[in-house]
1. Go through LEU63, LEU44 for me and flag whichever is surrounded by 13 or more Cβ atoms within 10 Å (Cβ to Cβ), outside any strand (DSSP E or B) and more than 15 Å from the chain's Cα centre (by Cα).
2. Taking the criterion of being of a type outside the set (Gly, Ala, Ser) and within 11 Å of the chain's Cα centre (by Cα), would at least one residue in region 77-85 satisfy it?
3. Condition check: surrounded by fewer than 17 Cβ atoms within 10 Å (Cβ to Cβ) and farther than 20 Å from ASP97 by Cα. Does LEU6 satisfy that?
4. Give region 73-102 a look and list any residue that's of a type outside the set (Phe, Trp, Tyr) and exposed (fewer than 12 other Cβ atoms within 10 Å of the Cβ), or say none.
5. Kindly list, by first and then second residue, each pair from a residue in region 84-99 that is in contact (Cβ under 8 Å) with a residue 60 or more places away in the chain to a residue that is exposed (fewer than 12 other Cβ atoms within 10 Å of the Cβ), limited to pairs with Cβ atoms under 7 Å and residues at least 6 apart or on different chains.
6. Does VAL37 meet the test of being surrounded by 12 or more Cβ atoms within 10 Å (Cβ to Cβ), at pLDDT below 90 and of a type in the set (A, V, I, L, M, F, W, C)?
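The values are calculated or read from the model by the stated rules, or taken from the named source; none is laboratory data. Because the structure is predicted, anything quoted here is derived from the model rather than measured. Positions of Cβ are backbone-derived with ideal geometry, glycine not excepted, and every protein chain shown enters the neighbour counts.
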Amino acid sequence: MERTRLSKIERLLQKELSDIFQKQTQAMRGVLVSVSVVRVSPDLSVARAYLSIFPSERAKELLENIRANTKTIRYDLGQRIRTQVRKIPELTFFIDDSLDYIENIDNLLKK
């Protein structure tokens, strides 16, 4: 039962964060930020969001920018989901490099 509730909250956070990043990156041509997965702690106090950033060359720069604006992103998220959750979790962002890892394995297997 508890895991079902956490899964629903994780999906809600993923959807809303994806929408926030889509709106913020519309002005930047050629940049795509997507939220691949969100993991929430059992007490709903911390959410870890894994971001897939394209192009991957600018990933570090964009991640630092996102981390610098975490409070603003959390506020925007709170405005969107305040009627559905009691407490807005603290956000931490990480780069999801699984696609680069898969591409590297494919290249190694082709050799």
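1. Values: LEU63 fails: more than 15 Å from the chain's Cα centre (by Cα).
When all the criteria are applied, what remains is LEU44.
2. Within region 77-85, not a single residue is of a type outside the set (Gly, Ala, Ser) and within 11 Å of the chain's Cα centre (by Cα).
3. In short, yes.
4. Passing the criteria: GLN79, ARG82, THR83, GLN84, ARG86, LYS87, ILE102.
5. PRO89/SER45
6. no
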